[in-house]
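J.: One structure coming up, written as structure tokens, with questions to follow.
The values are calculated or read from the model by the stated rules, or taken from the named source; none is laboratory data. Not measured: the values here are computed from a predicted model. Here the Cβ is made from the backbone with ideal geometry for all residues, glycine too, and neighbour counts use every protein chain on show. Just the protein is used for accessible areas: all its heavy atoms, side chains included, with ligands, DNA and RNA removed. Shrake-Rupley method; radii C 1.70, N 1.55, O 1.52, S 1.80 Å.
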Amino acid sequence: MKDKLPGLLLLLTSACGPSAISATSAATNTSSDATSDEPASTEDSASTDDTSETTHATFIPVDQPPDPTSCDPFAQDCAEGEKCVPYASDGGSWDANKCVPVNGDQAPGEPCIYAGAREGTDDCDATSLCWYVEEIEGELVGECLPFCLGNPERYECPEGSYCPISSQATVNVCLPSCDPVAQDCDDGRGCYWANADFACLPTLESIPAGEPCGFINDCAPGHLCATAEVMPDCAGSACCSPFCSLPLGDDQCASVPGTVCSSFFEVGTAPPEYEHVGVCILP
């Protein structure tokens, strides 16, 4: 498990939906607004709001039947010919799971058509979900990505991808991992930190260095939405700051005067593939 530098990140989790993880509900808006699971608040722990403490009744009436449409997105426990997908029960953001018919055979990596967050159906096969969705000529078009399998504590994804599980584990899709310094994602997507790894997510606003941000993918590709306390003169609760390569030094931080290239991970905790990754913050 990768540990983040204490106090450094705003783990917003609303940008990891079919257009944008995620992040759970505040920072991972991974698809378009029409499909986002949040994509939004300022911290993963806060994205469920204070109401999370009051949504569970102290008792359940004996005559209240269980929801026949609910399912487990990790177990994929729907009937044959169906799959368990996230959907928006109130037409807003994803907040539950249900079984829907498998309407197509598009495999992971292939293009797909999405019916919207309320309906939740697509033309991906039984193993995948339509993600990275955007509206094109009146249709919600995306790419099929595989479901995370296993369970929230021990998930399974293909090599080179990971599962940015949301706070409610409503959305579980394997996103491609990436290098935040190299920014090796496809066009229109940036490499952002999304809860437990770096993932390719659609860019929401392309906010430049030093300016306030609210979601992990608000910033222009190559930047992190970092908390104000590690940034000089930040006018909001968080501001965009460049990722940098540690071997190349502090010159990469010239766009945010007063910052230096510091390790993104705590000393000794960086995975081998990310040992070079730094971010421009106060010394």
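J.: Heads up, I need the accessible area for Arg118: 1.4 angstrom probe, whole protein in place, Å², nearest 10.
T.: In the full protein context, Arg118 sits at about 140 Å².
J.: Heavy atoms of the protein only, probe of 1.4 Å, neighbouring chains included. What is the accessible area of Tyr132 in Å², nearest 10?
T.: Counting only protein heavy atoms, Tyr132 exposes about 20 Å² to solvent.
J.: Residues with amide H under 5 Å of Gly150's amide H, sequence separation 5 or more or different chain, H placed in the peptide plane at 1.01 Å from N; which?
T.: Hits under the 5 Å cutoff: Glu156.
J.: Can you list the residues, at least 5 places off or on another chain, whose amide H is less than 5 Å from the amide H of Val102, using H built in the peptide plane?
T.: Glu82, Lys83
J.: Then there is this: Can you give the charge dipole size of region 141-193 about its Cα centre, rounded to the nearest 20 debye, using +1 on the beta carbon of Lys and Arg and -1 on the beta carbon of Asp and Glu?
T.: 220 debye
J.: Additional query: Scan around His223 for amide H atoms under 5 Å from its own, H built in the peptide plane at 1.01 Å from N, and keep only partners 5 or more places away or cross-chain.
T.: Close amide H contacts, sequence-distant or interchain: Phe243.
J.: Counting only heavy atoms of protein chains, what accessible area per residue, in Å², does region 163-283 have with a probe of 1.4 Å?
T.: Here the residues of region 163-283 average 39 Å² of exposed surface.
J.: Further question: Shape of region 129-211 from its Cα gyration tensor (a ≥ b ≥ c, root eigenvalues): rounded if a/c is under 1.5, otherwise prolate when a/b > b/c, or oblate?
T.: In terms of gyration-tensor shape, oblate.
J.: With a 1.4 Å probe and every protein chain left in place, tell me how much accessible area Thr259 has, in Å² to the nearest 10.
T.: 10 Å²
J.: Return, ordered by residue number, the residues of region 162-205 whose backbone nitrogen is under 17 Å from a label point located 7 Å along Cα→Cβ of Thr269.
T.: So the set is 193-198.
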